[in-house]
Amino acid sequence: MAAGQKISSVKELNAVCDEIRRNQNSGLNPRDEIRVCIGGGCIASGSLDVKAAFEKALKEQGLERKISVRGTGCLGPCARGPVVMIAKDNIFYQGVDTDDAKDIIDTHIIGGKVVERLTWKKQGTGEAVAVQNDIDFFKRQTKIVLRNCGVINPTSIEDYIAHDGYQALAKTLTSLSPDNVIEEMKKSGLRGRGGAGFPTWMKWSFARKSPSDTKYMLCNGDEGDPGAFMDRSVLEGDPHSVIEGMAIGAYAIGAAQGYVYVRAEYPLAVERLGIAIEDARKRGLLSQKILGTNFSFDLEIRMGSGAFVCGEETALMASIEGKRGEPRPRPPFPAVKGLWGKPSVLNNVETFANVPAIINKGGDWFASMGTEKSKGTKVFALAGAIKNAGLVEVPVGTTLGELIYDIGDGIPNDKEFKAAQIGGPSGGCIPRQHLNVTLDYESLNELGAIMGSGGLVVMDQDSCMVDVARFFLEFVQEESCGKCVPCRVGTKRMLEILTRICEGKGRESDIDTLIELGNQIKDTALCGLGQTAPNPVLSTIRYFRDEYEEHINNKHCEAGVCPGLVSAPCQSSCPAGVDIPGFVSLVAERRYAEALRLHRNRNPFTSICGRVCFHTCENKCRRAMLDKPVAVRGIKRFMADQEIVVQLPEVHENADNAKRKIAIIGAGPAGLSCAYFLARLGYRPKVFEAEERPGGMMVQTIPAYRLPREIVAREIRIIERMGVDIETGKRLGRDFTLTNLREEGYEAIFIGVGSPKGVRLDIPGSNAPGVTDAINFLKTYNLKGSVPVGQKVVVIGGGNAAVDAARTTIRLGAKKVTVVYRRTMEDMPAYMEEIEDAVHEGITFKPLTNPDEIIVVDNKITGVKCHSMKQGKFDRTGRRRPENDSATFVVEADHVIFACGQTLDSSELFSRDELQPISGYRIMTDSTTGETSIPWLFCGGDAAEGPMSVVHAVAGGEIAAVGIDKYLTGENHAFWRAQQMVDTAYDVNADPVAYPRVNMPVIPIERRKDNFNEVELTFLEPEALRQAQRCLRCDYGKTITQERK
Amino acid sequence: MSDVRCNCQGEISEEDMLKQIDGILDDYKGTSGALIPVLQIAQKMFGYLPEAVLKRISVVLNKPYSEVAGVVSFYSFFSTVPRGKYLVRVCLGTACYVRGGKDVLDSLKKHLKIDVGQTTEDKLFSLDVGRCFGACGLAPVIMINDDVHQRVKTVKISELLDTYRNKKDETSKEAN
């Protein structure tokens, strides 16, 4: 039968199918083909050129008649495009460019060797996985809707027919009655994939029962939800499946005419669907008397014109009629009165693509997948902060965590998962504590989101949730058709409030107003767009209320997004609010003294932080988008090392303030920082320290090889020079009480006692001799200069204290040191650099290992009995909870150190006070003032926040200093919080300098393992200058309108 | 500079426009719901929808001008003012937004020295925002006419615009 001839019976259809298959087998073996993805995503990555390059390379080798190059629809992993499949051995290549085509032909097709550099790399290990079905991304998917995407050529009806195409239509027309079709759909349990999940069979049944001579079958391809692109991929990759599904539906309801409404943003989808309709007509599979039966059905495409509301069914019909796309109230429902007043059914592209498979394989087969109430599979479009962005199809009921981590490979750039936005502007955000939610209609509704069309945008900590809510409201506000007041005016009011909050002008009552307005709009808006418009706001308030409060109360956007509150993201992420681009650019101009003063304006511990800061700034640095973040800590270290003349910060002397009596308990970073900022306001606070040396954790637990003691002493002396008196050897609860201090006339007291008590696990043997906790161990060594250390040490834990303890024991002569941790290496809270250094020094890490018992024989430790763990479901922190695995083993040991956390030891502190400012393991404070429940008592640092870091403690001390000043004077005098003007030069038009990031030099292993000399060395000046010039100056030209509180 | 340059290239007289649109209207007379497809074709032909064309459409399709104008103003794709040779549309869909689409827009505004909805003085570029082009896996993206540019970096914007500027130079050289 000649190509393009009409097919006028089922018999002919089967004959054509056989013939096409035969032809493909005789001439070109279909297994000998190279499939190049020509979906929209890969085309944007240049796949059309790649396809041409393959054709050219084959021709050069004279293989063009043996091996075919087939352009196919979307294969899924768009972010890795252009992607290519070698069909004969199922090898998947990613990121293929035109030059690679020749290599693949020569090495793989001819030479039979896989080109490893272009294969998929396994997460974590980096191991190459060449065969498509071995790749986790594909292995875990079940493809029904996307069954042909990536397999067939979307512009060839022959290809579709050869893959069982139009068999379902043939079966329907010859052996099923319309009622049989609806019955089969009912059995399948298919629900509308456009978002609301209305049972498809029911819609069809209503329309079937509506009496009318004319009915319409409509397809909604107006995929307007930002973040969703499954309809696009189906229309571009397998358009015939939609046509076939529509024809079956039309037969069931009795329609002879159909329309596919496709948005104008998808020109390629329109083009390919147009070709498919034309081909189907030519082949007699559309139009009159299809397959020789009395059934006639034809299709037309209507293009959208950029109106989101046209995705709503009544608005879409108005648009097809050539009117403004405004929705109308229902009832009457479209099944009764739809397009041009006739009964009509509107289904989504994905819904229709399911239909042929259901008819072919039966409703029961379809219903065997999914959950009780939601059957089959669902296509999700993964986008945003996720490694494997692209299109995936999974059984309904797969969990969000599986989708993001197992299929999506998790979050790129070592960032953390924050939330997944699902359902577009009608949906909501799901936070990390709900990663175990199953993706079905009901479960998502419960969490305040919706399944929607399946767009899933993953967000990391760089997204500000208030800004995200504002973004969606802005979208809805722009797209609101204006017909009903709740949507037109209500969303506008909500947007105004959100904009105000983002600008730092929010009011306390704003959150409640938003909730109230949101609920009203939900109840009263005319159509789906309006009724669901408040969802993104309500769901972010539900899960991220603290972020709203931070914007309103503290005028701070930690994500570094909201203009007016943010000059550069690095600065916003710094707990102490240091002007990072400011000091970095001053260093670049060799103005070290000014740079140092600018840093000390917000943080007294420049030298210390240059060594031990955990640099949230670098994690937020935008330069990472280009290559790697700016080496902020290294630059800071270099800058601090240039200090010859002490750079004192600006101090406002004040005779009245100097007379007020303020006590600070604890000379750790929080207490000293509080004293420092009070001193800058002219106060003369007195600091009481329990140990013999001031510095807190900075001298007690952080080892000297990371932070030399003279550095700490020097920066503390600067604070003393500013009029702060430190008295050591005075312990609260032993040497004095809060009541004593009050009696001595102290008007305000700051508690900065930290969380200095180590925690031990409650397992057999944990109190045996030879078992210590890391805090005690480090403290004993650092304060007394010696501590007993075994030969074989096991450290239990994964935080910085664990790594510090392990590295200390090796320096003190331990022969074998093992760190056991119950989660994975990636989940370890310790700094990555520290872990790497520890590994270099010979320390063994055993992740996914949990200790069961410390084996004690004759009062001596002989080992730690452990069992291995495997990763289970997600816990509230968004990490996978370790679960017991069967294997148990013993790690030999004669010394065990617990590093499983630390806590505030409150029992002694306030034992003789009547006051009990304690709540659980920390002291509750107001986040903007540091005030406790007792008016004159303030607190900050680890005692208030739990174990954190030096820079957090600095921030806590500063907040309390401002709070104390306000308590004493009734006013805020924190002059250092005003934005500092930095007059460094910046050429807006210059391209960024190309220097790569360089890590700080370190001393060789052999010269550090047996001593406590500082491991890291400072940059040499030329390197420091180059590193500083890498800054992109995100702060340039930005003015902060609201001072951070 | 710009007043010296000939802008007539590509601009056609009203008479020709009406002739062309009449040809289209002939095909669509009698089709139900023809208004929007006709407007889409007209916009594609002329780059925008001149008033004279809209009036002709209203007469031939026998629809009040108010209805035609109402439809034109409702849909964001229709424009009643001429656009530049290259329409730069920045995607501000969710995925692009969280991947820095807003920064890309700011950078484009800065480089082109125009705001959203405006056209550069040399009539080369118009700037617009879009809501999702369905290339979310490659965010942030922008579309320049029908080309999708993926993973756009703010620091590389000027380079990208230059490739289009140079295209223009080549054509004008050919014309000379």
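Below, the figures for the structure above:
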| item | result |
| --- | --- |
| The protein assembly as shown - share of DSSP beta bridges that are antiparallel (%, nearest 5) | 50 |
| Region A:425-482: C-alpha gyration tensor shape, a/c 1.5 cut-off, then a/b vs b/c | oblate |
| Computed over chain A: relative contact order in percent, which uses C-alpha pairs under 8 Å that are six or more apart | 9 |
| Loop-resident sites, region A:525-591, for chymotrypsin sites (Phe, Trp or Tyr not before Pro), counting at most 16 other Cβ within 10 Å (DSSP) | none |
| Charge context of A:Lys483, other residues only, Cβ under 13 angstrom, K/R +1, D/E -1 | +1 |
| For A:Gly370, distant residues with modelled amide H under 5 Å away | A:Gly376, A:Val396 |
| Region A:464-533: trypsin sites (Lys or Arg not before Pro) falling in loop per DSSP and having at most 13 other Cβ within 10 Å | A:Arg507 |
| Centroid-to-centroid separation of region B:62-140 and region A:118-144 [C-alpha atoms, Å] | 38 |
| C-alpha center-to-center spacing [region A:441-508, region A:169-191] in angstrom | 40 |
| A:Val787 long-range amide H proximity, modeled H, under 5 Å | none |
| For region A:245-258, Karplus couplings with θ = phi - 60° (6.51, -1.76, 1.60), whole Hz, Gly/Pro x | x, 5, 5, 5, x, 4, 4, 5, 8, x, 9, 10, 9, x |
| Distance violations [Cα-Cα > 19 Å] among B:Lys85/B:Lys109; A:Lys792/A:Lys865; A:Lys415/A:Lys846; A:Lys88/A:Lys387 | A:Lys415/A:Lys846; A:Lys88/A:Lys387 |
| For A:Gly872, residues with placed amide H under 5 Å, excluding near neighbours | A:Arg881, A:Glu883 |
| Separation of alpha-carbon centers, region A:950-983 and region A:33-88, rounded to whole Å | 60 |
| Packing-based exposure ordering (other Cβ within 10 Å, fewest first) of B:Val152, A:Val336 | A:Val336, B:Val152 |
| Efficiency of FRET between A:Glu300 and A:Ala15 - r from beta-carbon atoms, R0 35 angstrom, step 0.05 | 0.70 |
| Rounded to the nearest 20 debye, dipole of chain A from Cβ charges on Lys, Arg, Asp, Glu | 1180 |
| In region A:620-706, GluC sites (Glu not before Pro) in a DSSP loop with at most 16 other beta-carbon atoms within 10 Å | A:Glu650, A:Glu653, A:Glu692 |
| In order through region B:53-63: 3J(HN,Hα) via Karplus (6.51 cos²θ - 1.76 cosθ + 1.60), integer Hz, x for Gly, Pro | 5, 4, 5, 5, 4, 4, 5, 5, 7, 6, 10 |
| From the C-alpha gyration tensor of the protein assembly as shown, square roots of 5λ in Å | 61, 35, 30 |
| Quotient of C-alpha Rg and 2.2 N^0.38 Å, computed over region A:137-195 | 1.40 |
| Amide N proximity, region A:283-322 versus B:Glu67 label position 7 Å along Cα-to-Cβ, cut-off under 15 Å | A:318-322 |
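Read-outs throughout are calculated quantities, based only on the coordinates presented, and are distinct from any laboratory measurement. Everything numeric here is computed off the predicted structure, so don't read it as measured data. No Cβ is skipped: glycine too gets one built from the backbone with ideal geometry, and neighbour counts run over all protein chains shown.
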